[in-house]
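Everything below concerns the one structure shown next.
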Amino acid sequence: MKKSQDVTKKKKTNYLFYDFVKVTAAIPGLIWLRPKNYYENEAAKKKIKGGALIIANHNGFLDPIFLQYVIWYRRHHFVCGIEFMQGKGAWFFKGVQCIPVDRSNFTMDTYRRITDAMSEGKLVTMFPEGHINSTGGKEMDSFKPGMIMMALKGGHPIIPVYMKERKHFWSRLKVVVGEPIDIVKMYGDKPTFAQINEMTKLLQEKEEQLKQIMISLS
């Protein structure tokens, strides 16, 4: 007699609301922002396929919207503060498939949700400073090492993006997209804590390099 097995199927993500918002905002956003993408090199120009982690500097509340125009051909699953997933506006953030994180108490449940999303071939996007930049974009705040651990599971690449701060409402959106970084190739799938901290520092330095590219093009 065969033992009965419980087959648990993962609930399919409903992108109906996400796609509606994205399509509705496409033309007005393009007219308003007039996005201009620059690339670190030829490798950075290649379209991102499969699971990956996007990291970017954080200048303001509208940054998630801006990144939709930077990598327009993929759906983003933004990591956002759990406070946005509660209260009156929670329906919107849930509808656009944000992943909540408690910045004061990062749990394994959050870690699994992020790594599972990438393992399913999804694009996860986060701001490793953890909050809007406190220096007005002059200097980036310290990055959090947790992003390294998340990218390691499954060997997903990290794609750094630098967004130039917009001085005015009508300013053009300008960004520099960096080459995908393969952390597993650099450190293996079981790096030490020292290597994780080293990689976190290197990623922040990479963002600074992208910033310098932007400055040279401005």
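Can you pull the accessible area of residue 109 for me, 1.4 Å probe, Å² to the nearest 10?
90 Å²
What percentages make up the Cα-Cα pair-distance distribution of the range 1-101 when the bins are 5 Å wide from 0?
Whole-percent P(r) values from 0 Å outward: 2, 9, 17, 21, 19, 13, 7, 4, 3, 2, 2, 1, 0, 0.
Quick one: pull the percent of accessible area on the range 33-179 belonging to carbon and sulfur, 1.4 Å probe, ligands and nucleic acids left out.
Values: 4130 of 7270 Å².
In the range 33-179, the share of accessible area belonging to carbon and sulfur is 57 percent.
Say a site is exposed when it is one of the GluC sites (Glu not before Pro), sits in a DSSP loop, and has at most 15 other Cβ atoms within 10 Å; what is then the longest site-free stretch of the chain? Walk me through the intermediate numbers first.
On the way: sites that count: 42, 120, 139, 165.
The segment 43-119 is the longest one with no such site.
Picking from 20, 183, 98, whose Cα lies most toward the positive end of the charge dipole for the range 12-217 (charges on Cβ: Lys, Arg +1; Asp, Glu -1)?
20
At 7 Å along Cα-to-Cβ for each site, give me the label-to-label distance between residue 218 and residue 31 in nm.
So the label points at residue 218 and residue 31 sit 2.8 nm apart.
DSSP loop trypsin sites (Lys or Arg not before Pro) in the range 64-96 with at most 14 other Cβ atoms within 10 Å of their Cβ, which ones?
Values: sites: 74, 75, 88, 94; in loops: 74, 75, 88.
When the trypsin sites (Lys or Arg not before Pro) of the range 64-96 are filtered for loop state and at most 14 Cβ neighbours within 10 Å, 88 remain.
Counting only DSSP beta bridges with both residues in the chain, what percent are antiparallel, rounded to the nearest 5? Please list the in-between numbers first.
On the way: 4 of 22 bridges.
Taking every DSSP beta bridge with both residues in the chain, the antiparallel ones total about 20 percent.
Give me the number: length gained by fully extending residue 75 to residue 142, i.e. 0.36 nm times residue separation minus the C-alpha to C-alpha distance, one decimal in nm. Don't jump to the answer; show the numbers that get you there.
On the way: separation 67, 0.36 × 67 = 24.12 nm, distance 2.70 nm.
Gain on stretching residue 75 to residue 142: 21.4 nm.
By the gyration tensor of its Cα atoms, with a ≥ b ≥ c the square roots of the eigenvalues, what is the shape of the chain: rounded for a/c under 1.5, prolate for a/b over b/c, or oblate?
Details: a/c = 1.66, a/b = 1.23, b/c = 1.35.
Because a/c hits 1.5 or more and a/b fails to exceed b/c, the chain counts as oblate.
Within the range 124-218, list the trypsin sites (Lys or Arg not before Pro) lying in a DSSP loop whose Cβ has at most 12 other Cβ atoms in a 10 Å radius. Working shown, then result.
On the way: sites: 138, 153, 164, 166, 167, 172, 174, 185, 201, 206, 211; in loops: 138, 153, 164, 166, 167, 172.
Answer by residue number: 138, 167, 172.
Rounded to whole Hz and in sequence order, give me ³J(HN,Hα) for the range 103-108 from the Karplus expression 6.51 cos²θ - 1.76 cosθ + 1.60, θ = phi - 60°, writing x for Gly and Pro.
Karplus-based 3J(HN,Hα) across the range 103-108 equals 5, 8, 8, 5, 9, 5 Hz.
In the range 55-152, which chymotrypsin sites (Phe, Trp or Tyr not before Pro) are in a loop and have at most 16 other Cβ atoms within 10 Å, using DSSP for the loop call?
Working: sites: 61, 66, 69, 72, 73, 78, 84, 91, 92, 93, 106, 111, 143; in loops: 61, 72, 73, 106, 143.
Qualifying residues, ordered by number: 61, 72, 73, 106.
Give me the one-decimal nm value for the distance between modelled label points at residue 116 and residue 38, 7 Å along each residue's Cα-to-Cβ direction.
Inter-label distance under the simple model: 4.1 nm.
Using a 1.4 angstrom probe, figure out how much accessible area the chain has per residue, in square angstrom, rounded to the nearest whole. Display every interim value, and only then the final one.
On the way: 13110 Å² over 218 residues.
Spelled out: the 1.4 Å probe surface of the chain, per residue, equals 60 Å².
The values are calculated or read from the model by the stated rules, or taken from the named source; none is laboratory data. Bear in mind the structure is a predicted one, so any value in this text is a computation, not a measurement. Virtual Cβ from ideal backbone geometry, glycine too; neighbours counted across all protein chains shown. Remember, those area values only see protein heavy atoms, side chains included, never the ligands or the DNA or RNA. Shrake-Rupley method; radii C 1.70, N 1.55, O 1.52, S 1.80 Å.
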